[in-house]
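K.L.:
Quick one: this structure, given as structure tokens, is what I'll be asking you about.
The values are calculated or read from the model by the stated rules, or taken from the named source; none is laboratory data. As the structure is a computational prediction, the values presented were derived from the model and not from experiment. Every residue, glycine among them, receives a Cβ derived from its backbone with ideal geometry; neighbour counts consider all protein chains shown. Heavy atoms of the whole protein, side chains included, go into the accessibility calculation; ligands, DNA and RNA do not. Shrake-Rupley method; radii C 1.70, N 1.55, O 1.52, S 1.80 Å.
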Amino acid sequence: MEELVRLCKARGFVFPSAEIYGGFRSTYDYGPLGVLMARNVKEAWWRSMVQMRREVVGLDAAILSSPKIWEASGHLKNFTDPLVDCRSCKQRWRADQLPTTEDGKLKCLNCASTDITEARPFNLMFKTFAGPVEDDGAVAYLRPETAQGHFVNFANVLQTEHLRPPFGTAQIGKSFRNEITPGNFVFRTREFEQMELEYFVPPADSPRWFEYWCKERFEWYLRFGIPREMLRLRHHAAEELSHYSAGTADVEFDFPWGWGELEGIANRTDFDLKAHAEASGQVLEYFDQTTGERYVPHVIEPAAGVARTMMAFLIAAYTTDEVAGEARTVLRLHPRIAPYQVAVLPLSKKDTLLPLSEEVLALLQPVTMCDYDVTRAIGRRYRRQDEIGTPLCVTVDFESLEDKAVTVRDRDTTAQERVPIDRLVEVVQSRLAW
Ligand code: ATP
């Protein structure tokens, strides 16, 4: 884990936020490579959830939201974690994250004291004021999940898209939670990005669709290269369920500190649509014109986090091996998840090679994300690309000027293939196929 955090910083994936001021409360900034990788994670999700489906449409709702939404959804009352204080060292904790002693007492993770206060509910929503006057009428909340944006737009989407259940709305965006104990690098932060699908189904079909989405989402992580033994699907026990849920399962990843949630799949029933219909006085139901049937759909929600997914991909991909007697670090990332798919590397900085190298780069740039590196010896440049997970290196050498061909090197096998430049785009595309 320490090695990964080091690599993330050294290579520009993730920087501690406001580092020049000593950092800021478990917040992080994404650097040049992190921003590319996060975009690819989101793109891979969007492609599976929206592009490859007929019945799912996109949505992008506001972050700054009306208190009425959170009152109706139950978040103002229920979106709490149990907060406790250690009376000895004054540290604050989430009660459910503390270990217990044999006689059932909570134990402080900092000083091991069992002198812990009673748990009291702490609401995780960030409250702010919209407009210049900070009074009760101006209260707004930063959304703690993207889900409610789907529910309050249910009727809008239904009207504009003429969909019939089962159908879904998909949204990727930032959410905010005032976590009591953020930590484990980007695993738990107060500002994070979610990828959520709300899938509206006929009530009787909801158990079947819940099973479907558990399977589908589990397999998505396998498809993008996480080994099966590092993943598990954990069904929640009844006492663990959220106030809206009739069933929840988490896709969990074997992090260096133990199993942790990547994604929750919940059967939210008709809880949210009914709550918003009642609070707003609007009709939030589906009317089937052919059968004359009218009902409130049930909702299956697969909700994933961008940063946790990114971290799992990085941890699963991180390997070290030996090439020609020399140790190397390789990120064996799926080609579509890696920050760059191709690095174009002129063998030498000599002017004679640069025009052709730039031509090769210009051929590949419209196809995929390319790095271009002219510094240092070629072996060192290959190592850098291995370490940031670039699947293919394209090397332009002096022979290229004569034979109009380049060398394509594979990250995982280090095998090299000579490819005519006029076939390069085709070869790269087929190597990077989904
Ligand atoms: P946890 O139990 O870890 O607090 P949760 O069950 O409250 O998570 P959900 O409400 O199901 O999380 O949110 C869906 C997804 O959003 C999570 O699986 C996770 O990937 C991501 N997520 C939630 N909270 C955070 C956070 N504080 N930091 C980063 N990602 C988060």
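K.L.:
Tabulate in residue order the Karplus-calculated ³J(HN,Hα) for region 9-14, using 6.51 cos²θ - 1.76 cosθ + 1.60 with θ = phi - 60°, rounded to whole Hz; enter x for Gly and Pro.
P.N.:
6, 5, 9, x, 7, 9
K.L.:
Another one. Give me the compactness ratio for region 88-212, meaning the Cα radius of gyration over 2.2 N^0.38 Å.
P.N.:
Ratio of Rg to 2.2 N^0.38 Å for region 88-212: 1.49.
K.L.:
Mean separation of Cα pairs under 8 Å and 6+ residues apart, divided by the residue count of the chain: what relative contact order is that in percent?
P.N.:
Rounded, it is 12 percent for the chain.
K.L.:
Per residue, how much accessible area does region 117-176 have with a 1.4 Å probe, in Å²?
P.N.:
Value returned for region 117-176: 48 Å² of accessible area per residue.
K.L.:
Taking a probe of 1.4 Å, how large is the accessible area per residue of region 51-105, in Å²?
P.N.:
Heavy-atom accessible area per residue stands at 63 Å².
K.L.:
Same structure again: Might you report the magnitude of the Cβ-based charge dipole of region 109-187 about its Cα centre, with Lys and Arg at +1 and Asp and Glu at -1, to the nearest 20 debye?
P.N.:
For region 109-187, the charge dipole is close to 340 debye.
K.L.:
Ok, one more. Could you work out [θ]222 nm for the chain from helices alone, using -39500 (n - 2.57) per DSSP H run of at least four and dividing by all its residues? Round to the nearest 500 deg cm²/dmol.
P.N.:
Taking each H run of at least 4 residues, the total per residue is -8500 deg cm²/dmol.
K.L.:
Roll a 1.4 Å probe over the protein chains and send me the accessible area per residue for region 266-384 in Å².
P.N.:
Computed with neighbouring chains in place, this is 45 Å² per residue.
K.L.:
Provide the percentage of antiparallel DSSP beta bridges, counting only those with both residues in region 284-409; round to the nearest 5.
P.N.:
Antiparallel: roughly 60 percent of the beta bridges in region 284-409.
K.L.:
What percent antiparallel are the DSSP beta bridges of the chain, to the nearest 5?
P.N.:
About 85 percent, rounded to the nearest 5.
K.L.:
Any idea what diffusion coefficient region 316-398 gets from Stokes-Einstein, in µm²/s, Kirkwood Rh on alpha carbon pairs, 37 °C, 0.692 mPa s?
P.N.:
Answer from the Stokes-Einstein relation: 247 µm²/s.
K.L.:
Over 5 Å intervals from 0, what percent of Cα-Cα pairs in region 173-235 sits in each interval?
P.N.:
So the P(r) values, bin by bin, are 4, 13, 16, 15, 20, 19, 10, 3, 0.
K.L.:
Are any of the pairs K42/K404; K9/K174; K9/K42; K215/K274 more than 32 Å apart by Cα-Cα distance, and if so, which?
P.N.:
As for pairs spanning more than 32 Å Cα to Cα, those are K42/K404.
K.L.:
Residue by residue through region 229-240, which ³J(HN,Hα) values in whole Hz follow from phi under the Karplus form 6.51 cos²θ - 1.76 cosθ + 1.60 (θ = phi - 60°), with glycine and proline marked x?
P.N.:
The phi angles translate into 6, 9, 10, 8, 10, 10, 7, 6, 6, 3, 6, 8 Hz.
K.L.:
Next question. Under the classification rounded if a/c is under 1.5, otherwise prolate if a/b is larger than b/c and oblate if not, where does region 1-95 fall, given a ≥ b ≥ c as square roots of the Cα gyration tensor eigenvalues?
P.N.:
Oblate is the answer for region 1-95, as a/c is 1.5 or above yet b/c matches or exceeds a/b.
K.L.:
Roughly to the nearest percent, how much of the accessible area of the chain is carbon and sulfur, given a 1.4 Å probe?
P.N.:
50 percent
K.L.:
While we're on this one: Between V50, L124, A112, whose Cα lies farthest towards the positive end of the dipole of region 1-153 when Lys and Arg beta carbons carry +1 and Asp and Glu beta carbons carry -1, centred on the Cα centre?
P.N.:
Working it through, the farthest residue towards the positive pole turns out to be V50.
K.L.:
Moving on. Output needed: Cys residues of the chain lacking any neighbouring Cys C-beta below 4.7 Å, sorted by number.
P.N.:
C8, C214, C370, C393
K.L.:
Further, regarding this structure: Using only the C-alpha atoms of the chain, find the volume of their convex hull and express it per residue in Å³.
P.N.:
Dividing the Cα hull volume of the chain by its residues yields 201 Å³.
K.L.:
Here is a further query. Under the definition of Cα pairs under 8 Å and six or more residues apart, what whole-number percent is the relative contact order of region 18-139?
P.N.:
Normalised by residue count, the contact order of region 18-139 is 18 percent.
K.L.:
What is the ratio of the Cα radius of gyration of region 390-434 to 2.2 N^0.38 Å, where N is its residue count, to two decimals?
P.N.:
Relative to the 2.2 N^0.38 Å estimate, region 390-434 comes out at 1.12.
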